[in-house]
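Just so it is clear, none of the values below were taken in a lab; they were calculated from the coordinates. Just so you know, these numbers come straight off a predicted model, no measurement behind them. When we count neighbours, we look across all protein chains shown, and the Cβ atoms used for this are built from the backbone with ideal geometry, even at glycine.
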Amino acid sequence: MAILKSFKGYRPPKEIVHKVASRPYDVLNSAEARIEVKGNPNSFLHVVKPEVDLAEDIDLHSDTVYNKAKENLQKLIKDKVFVKDNGAYLYIYAQTMFGKTQYGIVGCSAVEDYMNDIIKKHELTRPDKEEDRMNHIRVSGFNAEPVFVAYPDHKDLDAIVAEIIKLRPEYDFVTDDGVGHHFWVIDEKQTIKTIEDIFENDIKYTYVADGHHRTAAAALVGNERKKMNPKHTGKEEYNFFLTVLFPAGQLTIIDYNRLVKDLNGLSKDEFLSALKKKFSLKLMGEKEYKPDAIHNFSMYLDGLWYSLTANKDTYDDENPIRSLDVTVLSDSILTPILGIEDLRKSNRIGFVGGIRGLGELKRRVDSGEMATAFALYPVSMKQLMDIADTGNIMPPKTTWFEPKLRSGLVIHSLD
């Protein structure tokens, strides 16, 4: 069963939390981060993107960068931008986007649960990205950013959360992207114990939704510390890492779309003819067309939108991988027709999160940067959990979760 543990969090005073909280490290580049921190010395980007305070040509993976992260974090703690809670608490972090609110429980998950596959994964990680996050944790001594985790819906947990959110939140603010962020501190010992007991007794598995590299890095650093400590007991803080756990039924996965630079030497007519062997093809015209069901795709080509509905022989709904539309697209179009063999290595393919809309696909094709674009129907949480439960791995760039968790609302020390 899954472990969830309370911890003594470091948090900003509520008067300045809106200035501290930042977008996560992996959703903006260094140039964007430099712009975002201007005039705001308290932004948490100074910790998760510390290169903003260094020369623009700095090697992002140098010791200088990781040491700067630690220096900046320690300064924020010294200046009481982050203040340590008096006790070991759990927290509720809720986000409101497009009129819908999702409620997550903030606590620490166990390194051992990751190692023993109690925490399920659905994506592969890259060693270079793992090492980057590991170095950030090693040097700073903190889990600076939480992992976004899902758990199977549980009525008793829902009821507890429903009671807590009747109280005034500790934090309540709206960011520039229109997303509302609401945060409650759970400091009542019996409530904390009840929540921890439900996870230990009822929640068999949890599922990494977003943040596979952060999860792997936190677990690996925890394991390193375990091996280096001859007096290890299993209760040390490095045995746990920062997570926000949401009931699966509240989460929304949006589409993750593809662009291709060329038609692999085919003319437009040859390409369309090849598609008709595997799909029912319908011209939709100049107006944007969004897929309306699983196994239906949208394609933008030469100023026009098309609907592509996959033939039944292109998928297998009884197979967790072959039922995915990203698999159908790869197996029936990207590889056999467009010659793209490896999505991770090919420089002829691009990926765009659905949060940017179909207009981003159109823009990049119309600009001549790309030749065609495909929009997909979103993966369901059931598909994600089925894949994780069967030990399978999703193809690259399959899921996009919104809203993203803000960083800097609470952080966890490994010491």
For the pair Asp313 and Asp63, how long in nm is the line joining their label points, each one 7 Å along Cα→Cβ?
6.1 nm
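On a full-extension model of 0.36 nm per residue, what is the gain between Thr390 and Lys277, subtracting their alpha-carbon distance, rounded to one decimal in nm? The partial results should precede the final answer.
Values: separation 113, 0.36 × 113 = 40.68 nm, distance 3.16 nm.
That pair, Thr390 and Lys277, stretches by 37.5 nm at full extension.
Compute the semi-axes of the equivalent ellipsoid of segment 256-377, taking the square root of 5 times each eigenvalue of the Cα gyration tensor, and list them largest first in whole Å.
Numbers: eigenvalues 77, 51, 46 Å².
Calculated on Cα positions only, the semi-axes equal 20, 16, 15 Å.
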Evaluate the Debye formula for segment 254-299 with equal point scatterers sitting on the alpha carbons, no solvent, and hand back log10 of I(q)/I(0) at q = 0.21, 0.22, 0.27, 0.31 Å⁻¹, in q order, two decimals.
-0.95, -1.04, -1.30, -1.29
Report the Cα-based extents of the chain along its three principal axes, largest first, to the nearest Å.
68, 50, 44
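Quick one: dipole size for the chain, taken about the Cα centre, charges +1 on Lys/Arg Cβ and -1 on Asp/Glu Cβ, in debye to the nearest 20. Don't skip to the end; give the middle numbers.
Working: 56 positive and 63 negative charges, 93 e Å.
So the magnitude is around 440 debye.
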Looking at segment 151-203, which trypsin sites (Lys or Arg not before Pro) are DSSP coil and have at most 10 other C-beta atoms within 10 Å of their C-beta?
Lys166
Neighbours of Val260 by Cβ distance under 12 Å: Lys/Arg at +1, Asp/Glu at -1, summed charge +2
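What 222 nm value per residue comes from the helices of the chain, counting each DSSP H run with n ≥ 4 as -39,500 (n - 2.57) and dividing by all residues, nearest 500 deg cm²/dmol?
Only helices count here, giving -8500 deg cm²/dmol.
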List the residues, sorted by chain then number, that are 5 or more residues from Asn311 or on another chain and whose placed amide H is less than 5 Å from its amide H.
Phe279, Ser280
Using only the alpha-carbon atoms, how far is helix 212-228 inclined from the longest principal axis of the chain? Give it as 0 to 90 degrees, nearest 10.
40 degrees
For segment 312-360, the dipole about the Cα centre with charges only on Cβ (Lys and Arg +1, Asp and Glu -1), to the nearest 20 debye, works out at 320 debye
Furthest towards positive pole of dipole, Phe241, Gly211, Leu343, structure part the chain, Cβ charges:
Phe241
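Work out how much length Glu236 to Glu32 would gain on full extension: take 0.36 nm times their residue separation and subtract the Cα-Cα distance, in nm to one decimal.
Details: separation 204, 0.36 × 204 = 73.44 nm, distance 3.69 nm.
Length gained, Glu236 through Glu32: 69.8 nm.
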Given unit charges at Cβ for Lys, Arg (+) and Asp, Glu (-), the dipole magnitude of segment 256-377 about its Cα centre in debye, nearest 20, is 220 debye
Report the one residue of Ile105, Ile411, Met115 whose Cα lies farthest in the direction of the positive end of the charge dipole of the chain (charges on C-beta: Lys and Arg +1, Asp and Glu -1; origin at the Cα centre).
Ile411
By the Cα gyration tensor axes a ≥ b ≥ c (a/c under 1.5 gives rounded; else a/b larger than b/c gives prolate, otherwise oblate), the shape of segment 155-212 is oblate
Would you mind checking the tilt of helix 63-78 against the longest principal axis of the Cα atoms of the chain, expressed as 0 to 90 degrees and rounded to 10?
50 degrees
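Assign one of three labels to segment 1-50, namely rounded, prolate or oblate, based on the Cα gyration tensor with a ≥ b ≥ c the square roots of its eigenvalues; rounded applies when a/c is under 1.5, prolate when it is not and a/b is larger than b/c, and oblate otherwise.
On the way: a/c = 3.43, a/b = 1.58, b/c = 2.16.
Judged from the Cα gyration tensor, segment 1-50 comes out oblate (a/c at least 1.5, b/c at or above a/b).
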